[in-house]
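A short worksheet on the structure shown next.
The values are calculated or read from the model by the stated rules, or taken from the named source; none is laboratory data. Worth saying up front: this structure is predicted, and the values here are computed from it rather than measured. When we count neighbours, we look across all protein chains shown, and the Cβ atoms used for this are built from the backbone with ideal geometry, even at glycine.
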Amino acid sequence: MNHSKKNGPIGLIVFTGLVLVKVLSRICFFFLNPIPLLFLTIPSLIILVCYVGYSLWWVKREKDFTKIYRANIAILCGAIALDLITFGWQKFYHFQFNVPLGMLDLPFTEIDDVSLMWAFFGRSFPFIVTIGLLEMVGSLFLLFSKTRALGIFTLLPIMITILSIDIFYHLDFGVIIHAVILILALFYLLFQDFEKIRDFFFSKDWNTSHLLSTGPVIKTTTRFVIVFLPLFLILLRLPRDKNPQLTGKYQVQKLEINGVDKKAKSVYDSTLTRVYFDVANEIVFDFNTTNNRFIGTYELNEDKIIARWRYPRKDIPPFTGIVKIEENRRILSGVMGNDTLVIVLEK
């Protein structure tokens, strides 16, 4: 049974008009930028009112919802396809995932969430093209009745992933709303054939429906083990942070090398200025710039610490000494190569 025909025409007409206007306004804003958004909002509202009014007038005149139903479903599919195919071509020609080159040289902590996400995706052009192709192929499937369901199942995972990225990387509210509208439209199309889809996914007639000819207890136990064994193995590796009392980023407040105070006088001095203690016992000595640093791992046994380096070379002498933990300070005292070091750290 078709749920839209059962529930009446008004909801479908208004929703289709909303999707159509949102898609057209988004595309116009992209191609006509920097046109003020207000100049698109007013015409969009006029188009929406005219579309809904004309469609309702047509239903009242014809007294047959079948024609307007089919027309609205076709328009809905066309609007979604037009929008996502446009997004696909934008990816091909570098209109998405572009970050200024100067920003790419900044540390991660200085880049906002949106730019960081765009930089990650923009790092691999083949990956961007793959996403664009999937959007375009799924949209093409959507335009034909025989492949419409395949198009919906192709596009839904993509759109849900995009919506998750939009939300958790704090994109503009309008971008999130746009993704929500497209997802709702895809689910609307999906539920036009709810019974068929339900029977398809929950049928007992598949060749793989009866793989184990065993009792229910063995089946349930096997499923339980498959689900919870990975979690059990992960829990055996906890805690991930072995030394939470050290973990953090520290500024070097005082540095003594062989009893002599050292301090960076300019950005060009290669003096130790920051120390990082990270999870998995990672340690970094930062010498006034991210381009000059030692990276390695450390071992802590009570107050004794030894740090072995793997970057930029493995033959760098390890730091061996003791660590004193105070409220907001950590004091490292030890030897590195031929030098005696005292490093006072503060968060």
Pick from region 61-87 the residues that are basic (K, R) and not in a loop (DSSP other than H, G, I, E, B): which of them is farthest from F120 (Cα to Cα)?
R61
Show the residue pairs that are 6+ apart or on different chains and have beta-carbon atoms under 8 Å apart, the first residue being within region 171-187 and without any contact (Cβ under 8 Å) to a residue 24 or more places away in the chain, the second being of a type in the set (V, I, T) and in a helix (DSSP H, G or I).
I176/I167; A179/I162
Is it fair to say F65 is out of contact with any Leu (no Cβ under 6 Å at 6 or more places or on another chain) and more than 30 Å from P9 (Cβ to Cβ)?
no
Flag for D113 being closer than 30 Å to Y276 by Cα, at pLDDT 90 or above and either surrounded by fewer than 18 Cβ atoms within 10 Å (Cβ to Cβ) or touching a helix residue (DSSP H, G or I) at 6+ places or on another chain (Cβ under 7 Å) (or both):
yes
The condition of being polar (S, T, N, Q), assigned to a loop (DSSP other than H, G, I, E, B) and modelled with pLDDT of 90 or more holds, among Q90, Q96, only for Q96
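Yes/no per residue for (1) more than 16 Å from W89 (Cα to Cα); (2) among the hydroxyl-bearing types (S, T, Y):
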{"residue": "A119", "(1), (2)": "yes, no"}
{"residue": "I128", "(1), (2)": "no, no"}
{"residue": "I131", "(1), (2)": "no, no"}
{"residue": "I152", "(1), (2)": "yes, no"}
{"residue": "T161", "(1), (2)": "yes, yes"}
Scanning region 325-344 residue by residue, those part of a strand (DSSP E or B) and within 40 Å of the chain's Cα centre (by Cα) turn out to be I325, R329, R330, I331, L332, I343, V344
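Yes/no per residue for (1) touching a residue at least 24 places away in the same chain (Cβ under 8 Å); (2) over 14 Å from K347 (Cα atoms); (3) loosely packed, with under 14 Cβ neighbours inside 10 Å:
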position: P239; (1), (2), (3): no, yes, yes
position: Q251; (1), (2), (3): yes, no, yes
position: Y276; (1), (2), (3): yes, no, no
position: V284; (1), (2), (3): no, yes, no
position: R293; (1), (2), (3): no, yes, no
position: P312; (1), (2), (3): no, yes, yes
Select from region 55-82 the residues that are free of Cβ contacts under 8 Å to residues at least 24 places away in the same chain, surrounded by 12 or more Cβ atoms within 10 Å (Cβ to Cβ) and over 27 Å from M136 (Cα atoms) and list them in ascending order.
W58
In region 123-201, which helices (runs of 4 or more DSSP H) lie fully inside it and hold 2 or more residues that are charged (D, E, K, R)?
148-168, 194-201
What do you reckon, is L155 under 20 Å from F15 (Cα atoms), within 17 Å of the chain's Cα centre (by Cα) and touching a residue at least 12 places away in the same chain (Cβ under 8 Å)?
yes
